[in-house]
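Novice: Got a structure here, written out as structure tokens. Questions coming.
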Amino acid sequence: MLVLLAQEASAESAGQQVSTDPMCRRWIDETQLLEEPEWIKHTVAPKERVSQLSARYGVKREDIVEWNKLKHSRVSLRKGRKLKIKTARVPPPREELTHVVVEGEEWFDVAVKHRVSTKDLRAWNYRVRSKPLKPGQELTVWIDPGFPRTVNCKRGTPPPPLEFRKDAISRGRPQYGRLKNGILLPESPLWTRRETGVNVLWASSHTVENLEKAFRSLRVDAGYDGEVIIGSISRKRGGRFPPHKSHRTGKDIDIRLPLLPGVIPNTYPRPDVVDWAGLWELIKALIDTGEVSMIFFDWRLQKHLYKAAREEGFTEEELRPVLHWPRHEHKWEAIVRHSHGHKGHIHVRFLCGVDEDQCGPSRARTLLRRGWIDPQPSGKESREGALERREQWKKEGRTLDEGDEADEDE
Ligand SMILES: [Zn+2]
């Protein structure tokens, strides 16, 4: 009944690398893929939620609720309860392990290390849940080697390059400007255009070029193959686009938060169904183009992103110039910053392109303010200079003074 593991077989036959991350390795090696879905019994681990089971088995949470006559899909499941699940993917069971606390480790660090939630970790260790940790102390952790690793596990296949005109340019500022010769975001396996998108997905060439670059890296380097929906960019000629304040020049993009495998498409992205690791890789790929000016995203939700980034190995220092969380103050220092109404999507704003001399705020001014570039840059130098300075800036954790950037909209 067992088939060879599809992920591994295809990855290896294509000569692609498989990550050395042990959890990824286990997920690939130990997950059984069946030819046909079969009924299996799942024994609920402590604090396990329906949304986690849905991702684990790649089935809809609504089906799990139905099959097991659960009262409500958000019901907390009783430990040890047996559930019926019809799936073609049978991952290894959850495991209970003991974590011995080392010097300097806090609850959050232990949670990051095992990729579990801090809340669950405290619940599994309820006797000491509100106390600081001591070195040598033992904690119970339930890990799930069957939870899908959607990023940095294997490399994806590169899609063919996009073809588009190079003469679409942004004019004026995001809140007042226009789009000249706008291009409709091309269809691509890289992203999904929202259904009613033909009127609202007009972009500048610089935007399309850098979106392609970022998504290519997300698909190939991070190996992410979940659906990512582009919601709104601009109208064909730019200009007013209610209810948005900006989105007028073809360089503001709303991207819906990606969902975990198994979640019904178009479900509202509540935190427990969002693929945070996928979102982090997307944001990282966007920032790595060196062309992102800022990203708006609700401050409270940034905590999930912060944790996902830490789980991928990024340090507190590395994340300081990128995410506003966990600080309250200095909103303007980080690329990802709070803005009201940005909960189900992120809003990405690109810099003005090198050739877009009527675009505002000017590229040079933005880069200068960031400390990413020397005064008076020109042409190609400004791009390379920007990348170089940004690296430097990341290392130094420099602070910014950008209080004059306008707040965003829904
Ligand atoms: Zn927006």
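What follows is calculated from the coordinates using simple rules that are stated; it is not laboratory data. Everything numeric here is computed off the predicted structure, so don't read it as measured data. Backbone-built Cβ (ideal geometry, glycine too); neighbour counts: all protein chains shown.
Novice: Run through the range 153-195 and list the trypsin sites (Lys or Arg not before Pro) located in a DSSP loop whose Cβ has at most 14 other Cβ atoms within 10 Å.
Specialist: Arg165, Lys166
Novice: Is it possible to state the helix-based mean residue ellipticity at 222 nm for the chain, with each DSSP H run of 4+ residues giving -39500 (n - 2.57), the sum divided by total residues, to the nearest 500 deg cm²/dmol? What is it?
Specialist: Result for the chain: -8000 deg cm²/dmol, rounded to the nearest 500.
Novice: Which far-off residues, 5 or more places away or on another chain, put their amide H under 5 Å from the one on Cys359, with H placed in the peptide plane?
Specialist: Hits under the 5 Å cutoff: Gly172.
Novice: Still on this structure, I have one more. Would you please name the trypsin sites (Lys or Arg not before Pro) within the range 46-143 that are DSSP coil residues with at most 10 other C-beta atoms within 10 Å of their C-beta?
Specialist: For trypsin sites (Lys or Arg not before Pro) across the range 46-143 that sit outside H, G, I, E and B with at most 10 neighbouring Cβ atoms in 10 Å, the list reads Lys69, Lys71, Arg78.
Novice: Under a plain spin-label model, where a point goes 7 Å from the Cα along Cα-to-Cβ, how far apart in nm are Trp67 and Lys113?
Specialist: 3.5 nm
Novice: Next question, about the same structure. Full-extension gain between Asn266 and Lys86, please, as 0.36 nm times their residue separation minus the C-alpha to C-alpha distance.
Specialist: 62.6 nm
Novice: So, by mean Cβ neighbours within 10 angstrom, what's the order for 324-335, 241-252 with the highest one leading?
Specialist: With the highest mean Cβ count within 10 Å placed first, the list reads 241-252, 324-335.
Novice: Still on this structure, I have one more. Please compute the contact order of the chain in relative form: average sequence separation of alpha-carbon pairs under 8 Å and at least six residues apart, divided by the residue count, as a percent.
Specialist: The value is 13 percent.
Novice: The range 117-180 to the range 67-96: how many Å between their Cα centroids?
Specialist: Computed from Cα coordinates, the inter-centre distance equals 24 Å.
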